[in-house]
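The block underneath contains the structure these notes are about, expressed in structure tokens.
We did not get these values from a lab; they are worked out from the coordinates using the rules stated. This is a predicted model, so every value here is computed, not measured. No Cβ is skipped: glycine too gets one built from the backbone with ideal geometry, and neighbour counts run over all protein chains shown.
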Amino acid sequence: MRANPSIPVQSAKSLKIDAIRFMAAAWVVFYHFGPPPFKSIFTGHLALLGGALWSGLVVLFAGPAAVIVFFVISGYCIHNAYHRDASLRPVSYFVSRYVRIGVPLAVVALVSRPVGDASTLLESVLWSLYCELVYYTVYPLVRQRFHRVGEMIVCAVIGGALMVWLTHTQARVVCDHCVYQNYGVAGTSLLYFPGWLLGSLIADMQRTRGGIDGRRAYSQLTGWIVRVLRAVVRGLSAQLVAARVALVAAASLTFVLASSSHIKPAFLPTVGPDISLTLFQFFAAAWIAAETTTPARESSRGVWARLAGLGAWSYSLYLCHKLALAILSAAGYPPGPAWTWLATVAFAFALSYAFYLAVERPSHRFAGRLRKLAPKVPVPPPGAVN
């Protein structure tokens, strides 16, 4: 029996978004855990191979770039979720959003306190959640003037560039390869706000014509950005496999440019993530637009569906993998041979899934109920608006 032909495109968007969520979370996990200990597996005459494999995978799993992909997806999903409401009900919106992300975060923070250095390890993932909370908070204001989202993107880019220039020229850099430590929550949120806004604009482009549900046309600048984005998406969609390879390569390049180790070739300049990731977010946004515009092929649809199923608990994986590492470390289970690395990864995935079942999924359901407490006000058709 064949499915309704009007369904696959929309379901393909959801499949791909959830699948990409999981892949981004896995990228962060392997970035923090590091690759398998190939250097100890391949020794003697194979030492060169072991070193090459280890270095290659270190470069491949560029975790900070994966977080940027998360930000774009976040903007996309938030605007998709509230796109058809004529107005946001502040209480239901803020409570549901904060419950959705805050309850799992609070539980992990409490559980991690007695577990060795888990609290310190969590700092490496908390910065992105702080940014998410900032974006959730400002979204109602963004939505009120969404037809001018292009101006918001440009202002965020200019403000971020000025902030980076002042930080570097005034010698206020605390850490050469850090962003959060140099700019704090507000500054880091500003740097990556354009990517989040582009994610919401992509959702709007795919849902409407000319503006948010036709109520108000895009501003001239926003319209220009939409036209450029559509042209880029057409090009990427025509060569989607190459675009995926280029995205991974660009993500790895952001890691290499910030590195001070032997991994970085001597001819490459040192470029911090406050610059490289800020530029990367635009490529990530265009790629997300291309992926969500292009339905998955029938031959690969099953793969996307399986990855999408894993994507349901990607937040738990992102939140809990460092806790798993701390638990094993406190239990005297240090990193070592390959089987130890595999056991560590397996435990992290198992703990994250258990956390999803026990905490994240119930909090999501509770957040959904809270959102339903306020009745939706549907967007009127364009012709009904004066």
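Cysteines in the chain that lack a partner Cβ within the 4.7 Å cut-off: 77, 131, 155, 320. Assigning unit charges at the beta carbon (Lys, Arg +1; Asp, Glu -1) and nothing else, what dipole magnitude in debye, to the nearest 20, does the range 8-375 show about its Cα centre? That gives a dipole near 1260 debye. One way to sum up the overall shape of the range 8-375 is the equivalent ellipsoid from its Cα gyration tensor, whose semi-axes run 33, 25, 22 Å, largest first. Annotation: peptides 362-371, 285-294, 124-133, 169-178, ranked by per-residue average of other Cβ atoms within 10 Å with the highest first, follow the order 285-294, 124-133, 362-371, 169-178. Report, to the nearest 10°, how far helix 220-238 tilts away from the longest principal axis of the Cα atoms in the chain, using its own Cα long axis and a range of 0 to 90°. Helix 220-238 sits at roughly 50 degrees to that axis. Relative to the longest principal axis of the Cα atoms of the chain, the long axis of helix 149-169 lies at roughly 30 degrees. In terms of surrounding Cβ atoms within a 10 Å radius of their Cβ, 264, 16 rank from fewest to most as 264, 16. Taking the range 8-375 as the region of interest, the number of lysine pairs whose Cα atoms are within less than 29 Å, with members eight or more places apart or on different chains, is 6. Ranking 314, 337, 28 by Cα position along the charge dipole of the chain, where only Lys, Arg, Asp and Glu carry charges on their C-beta atoms, puts 314 farthest toward the positive end.
Relative to the longest principal axis of the Cα atoms of the chain, the long axis of helix 338-355 makes an angle of roughly 30 degrees. Sorting the segments 29-35, 188-194 by their mean number of nearby beta carbons within 10 angstrom, highest to lowest, gives 188-194, 29-35. Ordering 247-260, 229-242 by mean Cβ neighbour count within 10 Å, with the highest value first, yields 247-260, 229-242. Helix content alone sets the calculated 222 nm mean residue ellipticity of the chain: runs of n ≥ 4 DSSP H residues at -39500 (n - 2.57) each, divided across all residues, give -24500 deg cm²/dmol.
Rg then Dmax, both in Å and based on the Cα atoms of the range 237-373: 19.5, 59.
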